[in-house]
Amino acid sequence: MMEPLSTAVTICPVCRQKIRSTAEHCPNCGAERHFGPRMIESAICAFAGMVLLSAVSTMLLPISLWTIVFAAAGLCAGFLFSHNRFGGDRWLGR
């Protein structure tokens, strides 16, 4: 059997089997290449940012319109944090 060129083959980071370098799914273990955050990761980070900043606002000031402004800023900050944290190319196993 002929072996492919060494530049056309890479190793799956999940199962360590040979796969094509352009593959999006590993045929051996089913892992898939993913870019950017998944929906659940974005939602968790956005919710955590909203809760944390609204809690800080409530500790500094009584509950007011500023609490809503801080919650909206925390929602945006958490969303941006998730895109920064999970923004790379990664392999997710099943």
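To the nearest 500 deg cm²/dmol, what mean residue ellipticity at 222 nm is calculated for the chain from DSSP H runs of n ≥ 4 alone, each contributing -39,500 (n - 2.57), summed and divided by the residues?
Values: 2 runs with 43 residues, N = 94.
Theoretical 222 nm ellipticity from helices: -16000 deg cm²/dmol.
Between helix 39-60 and the chain, what is the angle of the helix's C-alpha long axis to the longest principal axis, kept within 0 to 90° and rounded to the nearest 10?
Orientation of helix 39-60: about 20 degrees from the principal axis.
Give me the net charge of Ile19's neighbourhood, meaning all other residues with Cβ under 13 Å from the Cβ of Ile19; Lys, Arg count +1, Asp, Glu -1. Intermediate values should be presented prior to the final figure.
Working: positive: Arg16, Lys18, Arg20, Arg33; negative: Glu24, Glu32.
Once positives and negatives cancel, what remains is +2.
Would you indicate which of [x] 7.5; [y] 16.5; [z] 6.4 is the value of mean projected area of the Cα convex hull in nm² derived from the coordinates of this structure?
Correct label, based on the coordinates given: [x].
DSSP loop (so not H, G, I, E, B), at most 13 other Cβ within 10 Å: list which GluC sites (Glu not before Pro) in the range 11-94 pass both filters. Numbers along the way, then the final one.
Numbers: sites: Glu24, Glu32, Glu41; in loops: Glu24.
Hits after loop and neighbour filter: Glu24.
Every number in this text was worked out from the coordinates using simple rules, so none of it is lab data. Predicted model only: the values in this text are computed from it and were never measured. Glycine also receives a Cβ, built like all others from the backbone with ideal geometry; neighbour counts cover every protein chain displayed.
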